[in-house]
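The values are calculated or read from the model by the stated rules, or taken from the named source; none is laboratory data. This one's a predicted model, so the numbers in the text were calculated from it and none came from an experiment. When we count neighbours, we look across all protein chains shown, and the Cβ atoms used for this are built from the backbone with ideal geometry, even at glycine.
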Amino acid sequence: MAVAEAIAIEAAKAMIQLVATRPLEELRLAWGFKDHLRKLNSKLNYILAFLNDMGSAKKEMEVQLVNCWLQNIKDVVYFAQDIMDEYAYEILRRKLEINSNASRKRLRLHNVMFKRSNRIKFRFRMTRKVTEILAKFDELENDAKNYGLKAVKLATDARTSTYNDDNMNEYYCMLKQARRNAGVEDGSEFVGRKIDEEKLLQMICSSSPGNNSNSGLCVKAIVGIGGLGKTTLARRLYNNDQIIGHFAKRIWISMSEDFDAKRVLKEMVECPTKKAYLTRTHAIINQLQEEIKSSKFLLVLDDVWNKNDDMWSSLHRLLQRIGNSAQSVILITTRSNEVAMEAEAHTHLLTGLSDEESWALFTQQFRASEALLNVPCFEEVGRTIVEKCKGVPLAIKMIGRSLESKKYLYEWEKIEKSELWHVEYAKNHILPSILLSYHHLPCLSLKQCFAYCAIFRKDCPMERGDLIALWMAQGFLHKHETSLTMEEIGEEFLEILSKNLFLEGKESEKTGRILSYKMHDLVHDLAVYVSRKDLLVWNKEAKPNSDIECRHLVGKFSVQHAFQEIIPAEISTKRLRTINLWAGLPGNLLTVRYLRTLMIDGIGLRVVPASIRKLKLLKYLDLSNNPFKMLPESITKLYQLQTLKLTGCKELTELPNELHKLVNLRHIMTTDHSVFASKGLQQLTCLQTLPDLALRDGEGWTVDELASLHEARDGLSISGLEYVKSEAEARKVELGKKVKLLRLHLVWSGNRVDNNTDTDEEVLTGLEPHPGIIALAIVGYNAEKFPIWMMKMAVKFGAPRSKIVPLSNLKAIKLVDCRRCRFLPTLGQLPFLKYLYLDKLAVECIDDHFYVSDQDLHRQIEKLFPALRELQIWNFDSLTEWMQPSPTLGAITFPFLEILEVMNCPLLEIIPALKFESLKRLRIQEFPGTQSLDIVKYSSSLTSLEVCEILKLKSLPQEVSNHTNLQKLSIWGCQELESLPDRLPASLKTLDIRECPALASLPDDLFRDLLCLCKLNIYRCSGLKNISTSLQECASLKELNIKQCPSIEGPQTDLSKLLGLEELWVNEAGELTTSILQALQHLPSLMELSIGGFKDENVVKTYFANNAPCLTSQSISLTRLILDGYPNIKLVPEQIQLFSNLKVMSIWNFDRLEQLPDWISNLSSLEELSLYKCKNLKFLPSKQAMLSLTEFWHLDVADCPLLTERYAKDGPKWHNISHISYIVFNDNIFQSNE
């Protein structure tokens, strides 16, 4: 039997099963046509039994004809499900709308009309539709006979269920195994790629620019068929210590088939907030220049498909503007050698593993049943199967995971002899082994869930909750004959798919819980292949056929013409069940009658149309990351809706007034902000995921409504708790009974008008949770002490609430803005607490009660805070003492603490001198005395130390020199600091000294052994006279920034010795400033220079004139120049035009400058000009001079009032600059032409 035919049979069986297992009682259709529905149910089971027989037999038939017949069966079953759902909606609508009638008289009249007229019409329509479906099935049965397909006799009860088929023993076996292995890391080693890794390391780290005449960038490519481990190898290289040391910046971008130069640039932007609003290529490049500066970078483009030479040329040209492109490397992974050729890459061809390497990888998959492989007959069959995988690691791992749960030899032999091994990879790019793994998934519903993942783009993360909600919306998660909820079934499906490598989970660093999944490219290809009859990926190049029969439409429509572009007529909107758009919105979207899922995330939707009510079968609606401010009330007509996703909708503050009508709603997802809801939440009894809710005084929902939401799970966030008036009112929430709620976030307003905080303690007492919560955040609480359950970290639990149970599952606690609270809870004995954030409390003393409870004060404790990884104590204005645990406890304290921040505790003299043996990052800020630094002596593992505003600190502890792992040292605002240690650890990479006016000199040999130092910053040290000449021995130094240190004098560092220097900022740095220009010709790597702080015009003229010969050197590679701080200078030094490679120039703080010279036109490579705080500047260069700058595209002007008046749009000189692509005046974009 052909593979395509087998898949088509399974797809048809799955759809029939989905409809046939639906209980008739669920529809409550008791109005005279139950007989028709029973006939339909019987017919569905008949066809299912027929397909079961057909799927197991080998028949000689015309595959194309049979596939067409199977597709017709699916169409009829889809139609049957649509009719059932439509009528279920109608019944629910009538029930809700009748109950909402305000007038009894109107209610009685409505009942009469409904009984006599509407019931008859309803029965007639239903009977006609079901009769039509039965007729279609009869027709298909006749066609089957004509094709020679033979039916089988039905058993007495032919009803088949996902949870009652022949594979369910295997299914539950896999479930148990998945549960046992949940949380166990994949122990697979990196097999057989050591030589490849070493060769590529050599290629990348010793790279030189390729032969591409358009670019100085060096491009390397890992080429090989899918599944060989190209991405895994590239990821290992990306995280390799040698690579990390070689490149200042590393960027990883997953490309798949969506290759676009602009997208690559945007993905390279590091700052997420800026990435969100950057839409123009020039602005993106500008941001990247700020981030990457003159550094060399490694850019990994994973899974590239695009062979367009123009696209690669465009990318090369754009990347040339960024960083140190001449020494940067692009590493691509691709299945196509043509892609590598178009990118002009040095290619490394990846081949399959050897037989022994393949077997070693295969055996690693058998964690629970390794003994099987020691049985000769199993090993023999296993080696044959591995040989058929042809050395492809992904294939070996997936088939190994599939075999791990199979304990009988005949099961292994069945896989060994499967016809699926004969599938040609070249024909459909599906590896036989992966297809076999799919074929052996234990149930049809699971296969449906996997195939549905094809609606996501390649490499797109799929959130855990989203996947389950989407499967549920399509009806894949059957509840028949199981007590599990649909969500619980979905969780188990995720475990099995993850265990068998169909999905790759990504864990949360804080909770260890898998939050999202990705699919390997080959696995995604399989999902698309299985779904190919139902899935259409739409884009501007798509050309749908007239016979297209898609059920799921994904892609992008026109953004500029939202609601004008339409879904093409060739696509039957009646068939569509899913629409997932990542751009644009078709105008005929709301005509899709049977739509179950609509995903329009981040398409710029400002108004949600009221006509959305027409999508009456909708079960999943994702409106995330859109700027609309309200939801239409008509959305509450979507009575079947199960999931409403509103994450990132920051403009939305209120939910619809009649939200309570959405009685099937199970998940409302919001993030980062609270929303207000009207009264009626208690009617949403199916609700599991609650939005972040905001209370208001005297209107809307009340906390007692949460009592009926027994299914609530995951997290609960409530703000506005000052409007809850008593403990009794708070207890109505019944948090102690909501055992599925794991995270609690409780917020009181910090800006209370009446300043009434008397009820805070009562309310928090009433909000006592169950003992299983894992995260607790209290914000704005303003009583003097926490309630007893918090102080003891133990709650009353059980039927009579008489048993005291500790909150031992807590992993994260946040107490913020509790300004009157004087006592901390006892937290030291929480066994799993990893993260503790304390900010703005009125605590005066941290004593033994912070570590242990009263009853444990006098007994031995093995460890205190045994799991804590991160501790922050901020803004404790009243804290005077932090005590060590009492010696009688004999405990090890903070054994695994890695991050400690103690900031703004102005009365605290001492931090306890505990042995923080695991501490890596320490920040101490705003302390009155120096004893707080004693902690440094006992923290031997530090990698980062920040010492800020220690007012009486005169010198750093000498012990700093002994921290052999220290990489970053920052010293800020220490007004009395006079000296640094004579030497610092050789491991140091960043040294940052700011605002230390008493520091007069740096030790002579300070820099001699700092062979790893990359960055040195010295700011605002007004008393600094001497910088050690040993600085010139820092061959690794890349960034040197010295500003506002006007007293520097005496022998200066020979900057020309710093051959690796890429960025140099010297401003108001005394005599050091005058040694800069002559050093430039000896700094071949220098890309960015900032020089300034001159106050005398004659000095400037003489300085630049005397050093003019140095500026003509061909070795100068400077591309970015900043002239900052020339308050008395009238003219820009003309010698600047000698910097022939300059691309970006900034002129800041020229108070007397009135006109920019025309000689700027000699800077032929200039692309950007920035002007800031030049208050008398009136004129730019002439229009002719500006036009001669052929590469120029960006002008940015700020705080230059006279210039703005003349040159901004509509000003008299606008025409002189109107040709420039990107013009900004005072953050206002006046022109932006791509």
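Observations on the structure shown:
- Meets criteria (under 36 Å from the mean Cα position of the chain (by Cα), under 18 Å from residue 723 (Cα atoms) and not assigned by TED's automatic domain parsing to the domain that holds residue 888) for residue 752: yes
- Criterion: more than 22 Å from residue 975 (Cα to Cα), touching a Pro at 6+ places or on another chain (Cβ under 6 Å) and touching a residue at least 12 places away in the same chain (Cβ under 8 Å) - qualifying residue of 884, 872, 860: 884
- Any hit, the range 1035-1047, residues being small (Gly, Ala, Ser) and either touching a residue at least 40 places away in the same chain (Cβ under 8 Å) or out of contact with any Gly (no Cβ under 8 Å at 6 or more places or on another chain) (or both): no
- Total residues in the range 606-623 satisfying the condition of being in contact (Cβ under 8 Å) with a residue 40 or more places away in the chain and surrounded by fewer than 18 Cβ atoms within 10 Å (Cβ to Cβ): the figure is 0.
- Wholly enclosed helices (runs of 4 or more DSSP H) of the range 173-277 bearing at least 1 residues modelled with pLDDT under 55: 272-277
Let's see how each residue does on (1) among the aliphatic types (A, V, I, L, M); (2) closer than 22 Å to residue 764 by Cα:
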{"position": "833", "(1), (2)": "yes, yes"}
{"position": "855", "(1), (2)": "no, no"}
{"position": "861", "(1), (2)": "yes, no"}
{"position": "865", "(1), (2)": "no, no"}
{"position": "871", "(1), (2)": "yes, no"}
{"position": "874", "(1), (2)": "no, no"}
{"position": "884", "(1), (2)": "no, no"}
{"position": "893", "(1), (2)": "no, no"}
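- Selection status of residue 1106, in the same structural domain as residue 1179 (by TED's automatic domain parsing), over 25 Å from residue 1179 (Cβ atoms) and without any contact (Cβ under 8 Å) to a residue 24 or more places away in the chain: yes
- Residue satisfying all of: in the range 1119-1165; outside any loop (DSSP other than H, G, I, E, B) and β-branched (Val, Ile, Thr); farthest from residue 1073 (Cα to Cα) among these: 1160
- Residues of the range 1166-1189 satisfying the condition of being part of a loop (DSSP other than H, G, I, E, B) and modelled with pLDDT of 90 or more: 1166, 1173, 1174, 1175, 1176, 1177, 1178, 1180, 1181, 1182, 1188, 1189
- Filter result for the condition that a residue is crowded, with 16+ Cβ neighbours inside 10 Å, more than 16 Å from residue 1002 (Cα to Cα) and either of a type outside the set (D, E, K, R) or not assigned by TED's automatic domain parsing to the domain that holds residue 1119 (or both), over 1053, 1073: 1073
- Looking only at the range 1096-1118, and only at residues there that are of a type in the set (A, V, I, L, M, F, W, C) and in a loop (DSSP other than H, G, I, E, B), the one that is nearest to residue 290 (Cα to Cα): 1118
- Conditions (1) buried (at least 23 other Cβ atoms within 10 Å of the Cβ); (2) not in a helix (DSSP H, G or I); number of the one not met by residue 344: (1)
- When residues in the range 777-826 are screened for being of a type in the set (Lys, Arg) and in contact with a helix residue (DSSP H, G or I) (Cβ under 8 Å, 6 or more places away or on another chain), 3 of them pass.
- Of all the listed residues (617, 581), the sole one being at pLDDT 90 or above and either assigned to a loop (DSSP other than H, G, I, E, B) or touching a Gly at 6+ places or on another chain (Cβ under 8 Å) (or both) is 617.
- Hits in the range 391-405 - residues which are assigned to a loop (DSSP other than H, G, I, E, B) and either acidic (Asp, Glu) or at pLDDT 80 or above (or both): 391, 392
- Residue within the range 1079-1086 that is outside any loop (DSSP other than H, G, I, E, B), surrounded by fewer than 21 Cβ atoms within 10 Å (Cβ to Cβ) and out of contact with any Asp or Glu (no Cβ under 8 Å at 6 or more places or on another chain) present: yes
- Any hit, the range 1121-1128, residues being surrounded by fewer than 18 Cβ atoms within 10 Å (Cβ to Cβ) and touching a helix residue (DSSP H, G or I) at 6+ places or on another chain (Cβ under 7 Å): yes
Results for (1) buried (at least 21 other Cβ atoms within 10 Å of the Cβ); (2) touching a residue at least 60 places away in the same chain (Cβ under 8 Å), shown as yes or no for each residue.
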{"position": "689", "(1), (2)": "yes, yes"}
{"position": "704", "(1), (2)": "no, no"}
{"position": "715", "(1), (2)": "no, yes"}
{"position": "722", "(1), (2)": "yes, no"}
{"position": "745", "(1), (2)": "no, no"}
{"position": "750", "(1), (2)": "no, yes"}
{"position": "763", "(1), (2)": "yes, no"}
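- Residues of the range 780-814 that turn out to be in a strand (DSSP E or B), touching an Asp or Glu at 6+ places or on another chain (Cβ under 9 Å) and either aromatic (Phe, Trp, Tyr) or within 18 Å of residue 727 (Cβ to Cβ) (or both), as a count: 2
- Taken over the range 643-677, residues that are out of contact with any strand residue (DSSP E or B) (no Cβ under 8 Å at 6 or more places or on another chain) and surrounded by fewer than 21 Cβ atoms within 10 Å (Cβ to Cβ) amount to 11.
- The sole residue among 645, 679 that is more than 32 Å from the chain's Cα centre (by Cα) and more than 15 Å from residue 741 (Cβ to Cβ) is 679.
- Qualifying residues in the range 480-506 (those that are out of contact with any Phe, Trp or Tyr (no Cβ under 9 Å at 6 or more places or on another chain) and of a type in the set (Ser, Thr, Tyr)) - the one surrounded by the most Cβ atoms within 10 Å (Cβ to Cβ): 485
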